[in-house]
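Asker: This is the structure I want to talk about, given as structure tokens.
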Amino acid sequence: MEEGQSVSSHVLKMKSYIDRLEKLGTTLPPNLAVNTVLVSLPKSYHQFVMNYNIQGWEKSLAEVHSMLKTAEQDIPYKVSNPGVLMIREGRVRKNKPKTWGKGKGKSIAKKKIPPPPKKENPAKDAECFHCGKVGHWRRNCPSYLSELRKGKAGQTSKSGNEKK
């Protein structure tokens, strides 16, 4: 199987090969048929194959087929030729295909959610941590501010005495 090819079509093709072998008189055991399919997968399915083997599952080919279809949705496909580097007028640019939906205009996916409306007086039902009264915060508390002013006045007079 090549990268990017549908896993479902690949498993069906492998199943037809197994059926053809049975018509010719060679019957493969179910585990060997499943392992043949798993070995034929590309590197992008390496994680799936490793997980299957570590878990020790013994599933039928139909069950593995459905599991592979589910795993196919989670595998990111790499672009074989992501772009050509070009030198134009002394600058190196990556030549990318034009994508629609980008550029000018408003994007639906990137709309900002407005902040909630601000309260007129958020401190009116708050309790002061300094005096315990309701209606203001410590930074606006009259007793706290007066103590700060007294403390600063006391510090300046002490520091003034030490210098003299």
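Asker: Select from segment 5-31 the residues that are under 25 Å from ILE75 (Cα atoms) and hydrophobic (A, V, I, L, M, F, W, C) and write down the one among them that is surrounded by the most Cβ atoms within 10 Å (Cβ to Cβ).
Answerer: Checked segment 5-31; the qualifying residue surrounded by the most Cβ atoms within 10 Å (Cβ to Cβ) is VAL7.
Asker: Which one of these is over 19 Å from HIS10 (Cα atoms) and modelled with pLDDT of 60 or more: GLY103, GLY56, GLY90, GLY83?
Answerer: Numbers: GLY103 fails: modelled with pLDDT of 60 or more; GLY90 fails: modelled with pLDDT of 60 or more; GLY83 fails: modelled with pLDDT of 60 or more.
Exactly one residue qualifies, and that residue is GLY56.
Asker: Quick one: which helices (runs of 4 or more DSSP H) sit completely within segment 1-76 and have at least 2 residues that are touching a residue at least 24 places away in the same chain (Cβ under 8 Å) and under 27 Å from the mean Cα position of the chain (by Cα)? Before you say what the answer is, go through the steps one by one.
Answerer: Working: elements: 7-23, 30-39, 46-55, 61-74.
Ranges flagged: 61-74.
The values are calculated or read from the model by the stated rules, or taken from the named source; none is laboratory data. For clarity, every value in this text was computed on a predicted model and none was experimentally measured. Every residue, glycine as well, gets a Cβ built from its backbone with ideal geometry; the counts of neighbours run over all protein chains shown.
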